[in-house]
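See structure below.
The values are calculated or read from the model by the stated rules, or taken from the named source; none is laboratory data. Keep in mind the model is a prediction, meaning the values are calculated, not measured. Cβ sites come from the backbone with ideal geometry, for glycine too, and all protein chains shown count toward neighbours. Calculation scope for accessible area: heavy atoms of the full protein, side chains included, ligands and nucleic acids excluded. Shrake-Rupley method; radii C 1.70, N 1.55, O 1.52, S 1.80 Å.
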Amino acid sequence: MKTYDSEDRYIKDLDDGKREIALSTDDIHVSYGTHEAIHGVSLAFERFKITALIGASGSGKSTYLRSLNRMNDNIAGTKVTGKIMYRGLDVNSNEVDVYEMRKHIGMVFQQPNPFAKSIYDNITFALQRHGEKRKDVLDETVETTLKQAGLWEQVKDDLHQSALALSGGQAQRLCIARAIAMKPDILLLDEPAAVLDPISTATLEETLMELKERYTIIIVTHNMQQAGRISDYTAFFHLGNALEYDETRKIFTRPKIQATEDYVSGHFG
Ligand SMILES: Nc1ncnc2c1ncn2[C@@H]1O[C@H](COP(=O)(O)OP(=O)(O)O)[C@@H](O)[C@H]1O
Ligand SMILES: [Mg+2]
């Protein structure tokens, strides 16, 4: 079994434009039974940037995103082929320890899914499972990640209350704190604002803008305004293909492909 040594944070892949690449995929196909949902997607994600995946419902954004840290493994009958290169190892290879890999490539889902545990235990659960027992380290992690997720001030006196009592927006920020507690390199987010009100969404967006100083973020969103506000790069998904991928401002102002233009103009303003 191959693992990603958590001390070795060096990522050497560069693309032609000399951007530092945190993660890249090469010809990813995903099938559910006999239905192929992703038809060969090759994208490279720049380190410490936010990349938005946009496109109509059913275009394959979630399927592709889930493949990046092998979450499709959990769905019976799913087959993923192609390479997902991360720090010199193919995430999609059988040789990779999936459990360890997900410490480095974390995920936040559309529906906030806090555990039926306290706020404190939600954040420290995985760390403890990985053997961390030192109380000062756990306390410090809880405080730091809640601050980074913009939730600390609201919950610092209620850390031992059930996470199930949090509002949707708070629960989603807790899920982000939980994800970053493992110190991932890469954070995958699937429409994290879908259940949030506008104020919580604005807070979440600010949080992501701050997090990108330390994390590479890949976010699915069907909200064009949101993609425009927070992302550096945008990939447009259409019928299971990544049709166009470029700097966000180019995708929104002068896309090269008509389908992108149609989608973006129809969903902006
Ligand atoms: N668990 C699943 N089982 C079978 N088909 C699925 C499953 N999840 C998604 N699909 C199909 O894969 C295609 C892409 O879906 P999805 O990745 O959810 O798109 P998006 O996130 O862009 O809305 C759709 O045709 C959808 O019906
Ligand atoms: Mg989706």
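Worth pointing out:
- To put it simply, the accessible area of segment 1-146 at a 1.4 Å probe is 48 percent carbon and sulfur.
- Here the ratio of the Cα radius of gyration of segment 111-202 to 2.2 N^0.38 Å is 1.02.
- Take the Cα of Val195, step 7 Å toward its Cβ, do the same at Lys135, and the gap between the two points is 3.3 nm.
- For segment 112-269, size of Cβ-based charge dipole, Lys and Arg +1, Asp and Glu -1, in debye: 280 debye
- Counting protein heavy atoms only, segment 211-269 has 49 percent of its accessible area on carbon and sulfur, 1.4 angstrom probe.
- Each residue of segment 195-212 is assigned a 3J(HN,Hα), and the resulting list reads 9, 9, 7, x, 6, 4, 5, 4, 5, 4, 5, 4, 4, 5, 4, 6, 5, 5 Hz, derived from the Karplus form 6.51 cos²θ - 1.76 cosθ + 1.60 (θ = phi - 60°), x at Gly and Pro.
- Label point distance in nm, Lys2-Glu261, each placed 7 Å from Cα along Cα→Cβ: 4.3 nm
- Dipole magnitude for the chain: computed about the Cα centre from +1 point charges on Lys and Arg Cβ and -1 point charges on Asp and Glu Cβ, it is near 160 debye.
- Overall, segment 32-121 carries a charge dipole of about 220 debye about its Cα centre when +1 sits on the Cβ of Lys and Arg and -1 on the Cβ of Asp and Glu, all other atoms neutral.
- Candidates Phe125, Ile105, Met85 compared by Cα position along the dipole of segment 68-201: farthest toward the positive end lies Met85, with charges placed on Cβ.
- Calculated [θ] (222 nm, deg cm²/dmol) that DSSP helices of n ≥ 4 give over the chain, each run adding -39,500 (n - 2.57): -10000 deg cm²/dmol
- Probe 1.4 Å, protein heavy atoms only - accessible area per residue of the chain in square angstrom: 47 Å²
- Calculated FRET value between Thr253 and His35, using beta carbons and R₀ = 30 Å, to 0.05: 0.30
- Cα centroid separation, segment 178-219 to segment 79-131 (Å): 15 Å
- The order of the peptides 231-244, 176-189 by mean Cβ neighbours within 10 Å, most packed first, is 176-189, 231-244.
- Length available on full extension from Asn113 to Lys156: 0.36 nm per residue minus the Cα-Cα distance, which gives 13.5 nm.
- Distant-in-sequence amide H partners of Asp158 (H built 1.01 Å from N, under 5 Å): none
- Taking a point 7 Å from the Cα of Met209 along the Cα-to-Cβ direction, the residues of segment 50-89 with backbone N closer than 14 Å to it are 50.
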